[in-house]
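Trainee: This is the structure, below, for whatever I ask next.
Coordinate-derived values only; no laboratory data. Small disclaimer: the values here were computed from a predicted structure and weren't measured. We place every Cβ from the backbone using ideal geometry, glycine too, and count neighbours over all the protein chains shown.
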Amino acid sequence: MENQEKVLEVKDLVISFKTDRGIVHAVRGVSFDLYKGETLCIVGESGSGKSVTNKAIMGISANNAIIENGSILFEGEDLTRVSEEEFHRIRGHKIGMIFQDPLSALNPVMKVGKQIIEATMINRNILKRRYNDLISNELVAYRNNKANVQFNISKIRNEVEQNEDFIKKIKQFNKDKEKIEKHIERLTKFNNPKFESKINELKDSLNELNDNFNELLS
């Protein structure tokens with residue numbers, strides 16, 4: 001590791017919480033290094049301090065959290081001494097956190113609309129047209145009232161997941177469309193006038209299929 005760039009260095013980190021029942025010690029003397037290109041896994045049972053450590057690195061610890069000791073060096077800068085204003089230029093730009101619950105949290109390295117669509121669509125090109133308006137509306141609501149973003153994201157995803165009949169119709173449409181297009185392609189390659197009537201018939205069927213599907217999406 002001598003020649004590798006050290007991105008993150010957590011040293012002797014101690015984190016506690018002030019509660020009505022007194023001080024709760026959550027993290028006691030955690031230390032680790034993370035180098036560029038490396039993946040580090042922190043394993044522990046529930047309540048062992050994994051999330052508390054990660055949130056401290058991100059600067060999003062709970063209001064009653066206290067970093068009693070230690071340092072968190074990110075690219076040589078101690079994040080335990082960084083103000084919230086300074087964190088704005090780091091968080092989301094240089095460092096991000098993907099939370100445990102994918103139904104209520106967002107991946108910080110992807111655009112919101114893209115990841116909602118990607119996480120819920122079986123066929124992106126088809127379902128995208130149906131849900132783009134819904135997602136856009138929810139994003140507007142999110143900007144106006146960020147407190148509701150968890151509910152809104154869950155609502156979008158639940159609607160897609162529960163709509164099994166719609167998804168089955170989409171799958172069938174794709175199969176039928178592909179079958180007709182391949183048939184047209186095969187006949188066209190013969191370049192024979194006797195197939196023109198059949199090709200036109202297939203094209204009409206394809207147009208009718210597309211019209212029916214657009215009706216389904218509306």
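Trainee: Taking θ as phi - 60°, what are the ³J(HN,Hα) couplings along segment 63-75 by the Karplus curve (6.51, -1.76, 1.60), each to the nearest whole Hz, with x for Gly and Pro?
Mentor: 3J(HN,Hα) across segment 63-75, in whole Hz: 4, 8, 7, 10, 8, 7, 7, x, 9, 10, 8, 10, 6.
Trainee: Give me the net charge of Gly47's neighbourhood, meaning all other residues with Cβ under 15 Å from the Cβ of Gly47; Lys, Arg count +1, Asp, Glu -1.
Mentor: Combined, the nearby Lys, Arg, Asp and Glu give +2.
Trainee: Over the Cα atoms of segment 165-217, Rg to Rh with Kirkwood Rh, two decimal places?
Mentor: Result: Rg/Rh = 1.08.
Trainee: Projected onto the charge dipole of segment 6-87 (+1 at Lys/Arg Cβ, -1 at Asp/Glu Cβ, origin at the Cα centre), which of Gly22, Met58, Gly37 gives the Cα projection farthest towards the positive end?
Mentor: Towards the positive end, the residue furthest out is Gly22.
Trainee: Using the count of nearby Cβ atoms within 10 Å as a rough guide to exposure, how do Phe195, Phe32 rank from fewest to most?
Mentor: Phe32, Phe195
Trainee: Order by neighbour count: Asp33, Asp12, fewest other Cβ atoms within 10 Å first, most last. Show your work: numbers first, answer last.
Mentor: Numbers: Asp33 15, Asp12 11.
Ordered from fewest to most neighbouring Cβ atoms within 10 Å, Asp33, Asp12 come out as Asp12, Asp33.
Trainee: Dimensions of segment 1-65 along principal axes (Cα, Å, largest first)?
Mentor: If we take the Cα atoms of segment 1-65, the spans are 48, 22, 18 Å.
Trainee: Taking amide H atoms as placed 1.01 Å from N in the peptide plane, list the residues 5 or more away in sequence, or in a different chain, whose amide H sits under 5 Å from that of Val7.
Mentor: Leu34, Tyr35, Lys36
Trainee: Here is a follow-up. Using the number of other C-beta atoms within 10 angstrom as an exposure proxy, rank Ser71, Ser16, Ser197 with the fewest first.
Mentor: So the residues, fewest neighbours to most, are Ser197, Ser71, Ser16.
Trainee: Now a separate question. Calculate one ³J(HN,Hα) per residue across segment 32-39 by plugging θ = phi - 60° into the Karplus curve 6.51 cos²θ - 1.76 cosθ + 1.60, and present them in order as whole Hz with x for glycine and proline.
Mentor: Running phi through 6.51 cos²θ - 1.76 cosθ + 1.60 with θ = phi - 60° gives 6, 10, 10, 9, 4, x, 9, 10 Hz.
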